[in-house]
1. State which residue pairs qualify: first residue over 27 Å from R357 (Cβ atoms) and among the aromatic types (F, W, Y) and inside region 149-163, second residue surrounded by fewer than 22 Cβ atoms within 10 Å (Cβ to Cβ) and at pLDDT 95 or above in any location, beta carbons under 8 Å apart, and separation of 6 or more residues or different chains.
2. Within region 1-52, work out how many residues are modelled with pLDDT under 95 and among the acidic types (D, E).
3. Looking at R201, R183 in this structure, which one is touching a residue at least 60 places away in the same chain (Cβ under 8 Å), surrounded by fewer than 23 Cβ atoms within 10 Å (Cβ to Cβ), charged (D, E, K, R) and over 26 Å from G81 (Cβ atoms)?
4. Need the failing condition index for Q265 against (1) touching a Pro at 6+ places or on another chain (Cβ under 9 Å); (2) part of a loop (DSSP other than H, G, I, E, B), just the number.
5. Within region 253-266, work out how many residues are without any contact (Cβ under 8 Å) to a residue 40 or more places away in the chain and under 19 Å from T299 (Cα atoms).
6. Any idea which residue in region 301-327 is farthest from P205 (Cα to Cα), counting only those that are of a type in the set (S, T, N, Q) and in a loop (DSSP other than H, G, I, E, B)?
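The values are calculated or read from the model by the stated rules, or taken from the named source; none is laboratory data. Keep in mind it's a predicted model, so treat the numbers as computed, not measured. When we count neighbours, we look across all protein chains shown, and the Cβ atoms used for this are built from the backbone with ideal geometry, even at glycine.
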Amino acid sequence: MSFVQVNTAVIDADAHVVENEHTWDYLEGSDKKFRPTLVPNPKNPERFFWVLDGENIGPKFPSPNEKESAEHVQRCGREVGTPVQAREVSDVAQRLKHMDALGIDVQVLYNSLWLRPLTRRAEVEIALCWSWNRWLADVWKAGANRLRWSCVVPVLTPTAAAEQLRFAKEHGAVGVCMRPFERDRLMTDPFYYPIYDEAQRLDIPVTVHIANGNPELFNLLDNEIAGGFTTFRVPTVTACYALIMSELPRVFAKLRWGFIESSSQWVPWVAHEAVRRSLGSQRPVSMNCFRDYGIYVSTQTDDDFSYIMSYTGEENLVIGTDYGHNDTSSELNAIARFKAMKLSPQVKRKILSDNPRRFYGI
């Protein structure tokens, strides 16, 4: 299938869809018995979480009401409120209209549910991934090629991922999601090579969005003080360092890698560690490792761009809004704020358009 070419001015490199009950309408045949259910939170009946096999597998992401959104803007300077039909893509036209208002031509959509462990059963994971990917295929079709997406695949059974990857690529996907940790394995484990091999063959990048697929590690790091920083961001940075130090950039030399929603302030630290720890080894790492290995990183508007680009160059940074979520990464006005920054027009064009085009293959 060939895609209509879009003359993209601005690409939001990190946006979300919020799963809802319609997401699981794409389960087929006997797989319907694996359908997750929504249960109200007993501590707050206005909030819900998903239950699968009797276990809480994560919240249905809420969005603040108008009052909460206004308070958030006043407190943090970041807009986070989104219409429910837009973030759940039950009304694609409303989503596109909101994108127009935000100055966004194309969004790359990520899941909200796969940020944490879901199931230990391979057959359940395969079914849920199929349902989510079919859902996003329909969203892409209704979105006039403006809603691209990163697919989810059954990491418990990497050999079963190829079929879903091919389907996703044919239906608007521009990435494949990998969590930094999957159960007892780091994403660099050779166990996942079948996924990377097919991704490279299809010329589709691996997108490592902040997440944590290891139940024990998730429970250990999940706490009120450190919150998402330890639970999600630290594992993502660890995975990037492991990638640089591993054989992956050589085994899959044409594969692009992206680390999404972790800001970019950590890049110099990781580069320095990799260079220092690889001295005298058979594979010394260059300070240009992000450029050399095709590693892209999503930024935030409060990152020190000049400092970061001294390590990544101008070609390996992208930016996103985290549309649909309401956490410390979320900033609906990120595009407008970035455009107003004291950076050269060339750098702005690259981060807003050229770099995400190249990374996602749009």
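1. Sorted first by the residue in region 149-163, then by its partner, the list stays empty.
2. 1
3. When all the criteria are applied, what remains is R183.
4. (1)
5. Of all residues in region 253-266, those without any contact (Cβ under 8 Å) to a residue 40 or more places away in the chain come to 253, 266.
Next cut, under 19 Å from T299 (Cα atoms) only: 266.
Count: 1.
6. Step by step, filter region 301-327, then rank; the result is N326.
Listed here are the residues, each with its yes/no results for (1) within 18 Å of the chain's Cα centre (by Cα); (2) farther than 25 Å from E315 by Cβ; (3) surrounded by 23 or more Cβ atoms within 10 Å (Cβ to Cβ); (4) among the aliphatic types (A, V, I, L, M).
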| position | (1), (2), (3), (4) |
| --- | --- |
| V176 | yes, no, yes, yes |
| Y193 | no, yes, no, no |
| F259 | yes, no, yes, no |
| S263 | yes, no, no, no |
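Quick grid of which residues meet (1) touching a strand residue (DSSP E or B) at 6+ places or on another chain (Cβ under 8 Å); (2) surrounded by 13 or more Cβ atoms within 10 Å (Cβ to Cβ):
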| position | (1), (2) |
| --- | --- |
| Y26 | no, yes |
| R35 | no, yes |
| K43 | no, no |
| R47 | yes, yes |
